[in-house]
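Written out below as structure tokens is the structure these notes cover.
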Amino acid sequence: MVVDDHPMWREGVARDLTEAGHLVVATSGEGRQAIRVAAAARPDVVVLDLQLPDISGVEVIHGLRAALPQVRVLMLSASGEQQGVLDAVKAGATGYLVKSAAPAEFLEAVRRTAAGEPVFTPGLAGLVLGEYRRLAATPASGGRDAGPPGDLAPRLTDRETEVLRLVAKGMSYKQIAQRLGLAHRTVQNHVQNTLGKLQLHNRVELTRYAIERGLDS
């Protein structure tokens, strides 16, 4: 699903996705309408602009996640302003790409977002990871017990913990697969199993969890 208030841009993105073999189930130019339409169309991925005429893209993310907890959101915005990026990721966006990205970069970002991988315009990944490290270092940790790494042992296998440690370092699934000599799908399966065991919803939450426990060191 493509959500952008500029008709030419929205239609162009939808056309590029269709030509690349993706099924565009819906488009929208307004945030509230997008939430209603998404609940019916049930997209796997929503390509979302940060600035919309009625409500912000961040508010749309909250609405989408409430209606479709498993939906993946790729922000596609003209702005790379730090606070906007952080607000979007904290709300649950899987990735953030600026509109100056090349078409091939955008299509690759959509593919990775669909696979649950965080994808960011160069320079933004470090910003996001740094923010989660800062939050993890504060006394308030979202109400979750930030116990020592050892408290993972009863719930995660050694391999799952190893994959989680690399996720916390900001590595992509492809990079983790190469590092551990595993298939890309195997890494995805380990991450999905870990999400289920820890009752987390996406890789952003998983990264926060791992950093809170010092697994990024």
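Rule-based calculations on the coordinates, nothing more; no lab input. Bear in mind the structure is a predicted one, so any value in this text is a computation, not a measurement. Methodologically, a virtual Cβ is constructed for each residue, glycine included, from the backbone with ideal geometry; neighbour enumeration extends over all protein chains shown.
Could you work out how far apart the two model spin labels at Asp44 and Ala67 are, taking each label as a point 7 Å from the Cα in the direction of the beta carbon, and quote it in nm?
Rounded to a tenth, the inter-label distance reads 2.0 nm.
Which of the lysines could a cross-linker span from Lys99 if the Cα-Cα distance has to be under 23 Å and same-chain partners fewer than 8 positions apart are dropped?
Partners found: Lys90.
Measuring from label point to label point, each 7 Å out along Cα→Cβ, what is the Gln178 to Lys197 span in nm?
Placing both labels 7 Å beyond Cα along the Cβ direction yields 2.7 nm.
Between Val25 and Trp9, what is the label-point separation in nm under the 7 Å Cα-to-beta-carbon projection?
2.5 nm
Give the calculated FRET efficiency between Ala102 and Thr157 to the nearest 0.05, with a Förster radius of 35 Å applied to their Cβ-Cβ distance.
0.35
What are the ³J(HN,Hα) values, in whole Hz, obtained from phi via the Karplus relation 6.51 cos²θ - 1.76 cosθ + 1.60 with θ = phi - 60°, for each residue of segment 162-172 in sequence order, with x given for Gly and Pro?
Residue by residue, segment 162-172 yields 5, 5, 4, 4, 6, 4, 5, 7, x, 7, 7 Hz.
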